[in-house]
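Here is the structure we will look at.
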Amino acid sequence: MFVGHYGVSFAAKRVAPTIPLWALFVAVQLLDVFWAPFVLVGIEKVRIVPGITASNPFDLYYMPYTHSLLAALLWSAGTLLLYRLLATRGPVGKAALVVALAVFSHWILDFLVHRPDLPLYDNTAKVGLGLWNVPALAFALEAGLLFGGMWLYFGTGLVPRLRMVLFGLVRLAIQAYVFFGPPPASDKAAAWTALASYAVFAAVVARLERPDRAARQRVNAL
Ligand SMILES: [Zn+2]
């Protein structure tokens, strides 16, 4: 899964508004944020096999450190501890739990779409419901999650709705390209693209959230 993960970020923001959206954007993709450099240095492995699923060519045959169920639980627990240590704003305990659940949600959503390439532990007992083989349904799920989560987020009040929707549509267009466009040139190219996308998306949402905060302060000052 790609852009659908961000639906969880928006829903989490509704539950715990003190967490910056950019942090939630990183959290929901954290397993991939580590997957990409791991692929680049050869710790984890992927090969491009056109046709292996109906919507993308990724043969994710070795990723025990980021995408096994056990690893996902450990990354989530690590995030919980780190957030408790570093966060200062608002009710830290609840926010830490929300961020940790956001990290873990990545595995659950990947489980829906991946072919059985997600190990339960190490590189074995692999699972995945394979929705990627029904591209229209997988794409609808990504879009539904993204905009469903965004709709929940809009309920938090002062939000730059139009810009958020436009940003969502841009991400959905990139998703469509991944699904229906040509395959990436190589495994490393796929990893670089993923990493760059996650960094840019987090930076853009940090920028989009800023005027929202300024508006809130103006309202508070009245
Ligand atoms: Zn993933």
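From Val170, Val98, which residue is surrounded by 15 or more Cβ atoms within 10 Å (Cβ to Cβ) and within 20 Å of Phe201 (Cβ to Cβ)? Working first, answer last.
Details: Val170 fails: surrounded by 15 or more Cβ atoms within 10 Å (Cβ to Cβ).
None of the other options fit; the residue is Val98.
Since Ser105 meets every condition but one in (1) within 16 Å of Lys13 (Cβ to Cβ); (2) open to solvent by 50 Å² or more (accessible area, probe 1.4 Å); (3) polar (S, T, N, Q), which condition does it not meet?
Checking Ser105 against (1) within 16 Å of Lys13 (Cβ to Cβ); (2) open to solvent by 50 Å² or more (accessible area, probe 1.4 Å); (3) polar (S, T, N, Q), the one that fails is (2).
Looking only at residues that are of a type in the set (D, E, K, R) and within 11 Å of the ligand (Cβ to nearest atom) in region 108-130, which one is nearest to Val46 (Cα to Cα)? Lay out the reasoning, then the answer.
Residues of region 108-130 that are of a type in the set (D, E, K, R), as a first pass: 110, 115, 117, 122, 126.
Retained after the next criterion (residues that are within 11 Å of the ligand (Cβ to nearest atom)): 110, 117.
Numbers: Asp110: 15, Asp117: 11 Å.
Residue satisfying both the conditions and the ranking: Asp117.
Does Arg89 satisfy being open to solvent by 50 Å² or more (accessible area, probe 1.4 Å), within 14 Å of Ala23 (Cβ to Cβ) and basic (Lys, Arg)?
Details: open to solvent by 50 Å² or more (accessible area, probe 1.4 Å): yes; within 14 Å of Ala23 (Cβ to Cβ): yes; basic (Lys, Arg): yes.
Against the criterion (open to solvent by 50 Å² or more (accessible area, probe 1.4 Å), within 14 Å of Ala23 (Cβ to Cβ) and basic (Lys, Arg)), Arg89 qualifies.
Does region 146-155 contain at least one residue that is in a loop (DSSP other than H, G, I, E, B), over 24 Å from Leu40 (Cα atoms) and modelled with pLDDT under 95? Steps first, answer last, please.
The first filter runs over region 146-155 and keeps only residues in a loop (DSSP other than H, G, I, E, B), leaving 155.
If we keep only those that are over 24 Å from Leu40 (Cα atoms) as well, we get 155.
The next check asks that each one be modelled with pLDDT under 95; those that pass are 155.
Yes: one or more hits.
The values are calculated or read from the model by the stated rules, or taken from the named source; none is laboratory data. All figures in this text were calculated on a predicted structure; none of them were measured in a lab. Neighbour counts are summed over all protein chains in view; Cβ atoms, including those assigned to glycine, are modelled from backbone coordinates with ideal geometry. The protein model used for the area step is the full one, side chains on, heavy atoms only, and it has no ligands, DNA or RNA in it. Shrake-Rupley method; radii C 1.70, N 1.55, O 1.52, S 1.80 Å.
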